[in-house]
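The values are calculated or read from the model by the stated rules, or taken from the named source; none is laboratory data. For clarity, every value in this text was computed on a predicted model and none was experimentally measured. Cβ sites come from the backbone with ideal geometry, for glycine too, and all protein chains shown count toward neighbours. What goes into the accessible areas is simple: the full protein's heavy atoms, side chains included, and nothing from ligands, DNA or RNA. Shrake-Rupley method; radii C 1.70, N 1.55, O 1.52, S 1.80 Å.
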Amino acid sequence: MSTRQELTRLLKQAERIQWYHGLGDHPDRVTFGYVYQHPEAANWERTGAQARILYLDIQTIVERTCRGRGPTLTAYQRRMLDDTRIFD
């Protein structure tokens, strides 16, 4: 499987996870892109250990891709990483 295909597969997994940010009793639900761009604000306790591993896998592939050692991001991949919505 190519790097691009692997990243797409992981991002599709990320779409199925409920991501949270903020501490306290009522953290906000956010998109993966929000957590990707603001990992320091992520509520990893609420989101879960599996999600943290998925985030780290995606981060590794994107860093490698953006350094020019792999193919560029597809429109879908860029959209997933740039989507920083917070849900009510």
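Over the chain, what percent of the accessible surface lies on carbon and sulfur atoms, probe 1.4 Å? Numbers along the way, then the final one.
Numbers: 2630 of 5600 Å².
Summing carbon and sulfur atoms, their accessible area is 47 percent of the total for the chain.
So between Thr84 and Asp57, what do we pick up on full extension, going 0.36 nm a residue minus the alpha carbon distance? Can you show the working numbers first?
Values: separation 27, 0.36 × 27 = 9.72 nm, distance 1.91 nm.
Contour length minus the Cα-Cα distance gives 7.8 nm.
Per DSSP H run of n ≥ 4, the term is -39500 (n - 2.57); total these for the chain, divide by its residue number, and report the mean residue ellipticity at 222 nm rounded to 500 deg cm²/dmol.
Details: 5 runs with 47 residues, N = 88.
Per the formula, -15500 deg cm²/dmol.
D for the stretch 45-88, whole µm²/s, Stokes-Einstein with Kirkwood Rh over alpha-carbon pairs at 20 °C and 1.002 mPa s: what number? Before the final figure, lay out the partial values.
Details: Rh = 12.0 Å.
The calculation lands on 178 µm²/s.
On full extension of the chain, what length is gained from Lys12 through His26, given 0.36 nm per residue of separation minus the C-alpha to C-alpha distance?
Values: separation 14, 0.36 × 14 = 5.04 nm, distance 2.60 nm.
So the extension gain works out to 2.4 nm.
From the C-alpha coordinates alone, can you work out the Kirkwood hydrodynamic radius of the chain, in Å? List each step's numbers first, then the result.
Numbers: mean 1/r = 0.0756 Å⁻¹.
Computed over Cα pairs of the chain, the Kirkwood hydrodynamic radius comes out at 13.2 Å.
Rounded to the nearest whole Å², what accessible area per residue is found for the chain with the 1.4 Å probe?
Details: 5600 Å² over 88 residues.
Value for the chain: 64 Å² per residue.
For the chain, what relative contact order do you get, as a whole percent, if you take Cα pairs closer than 8 Å and at least 6 residues apart? Each step should come with its number before you reach the end.
Details: 109 pairs, mean separation 35.2, N = 88.
Value for the chain: 40 percent.
Just to verify a number: FRET efficiency for His38 and Gln5, C-beta to C-beta distance, R0 = 35 Å, to 0.05? Before the final figure, lay out the partial values.
Working: r = 27 Å, r/R0 = 0.77.
The calculated FRET efficiency here is 0.85.
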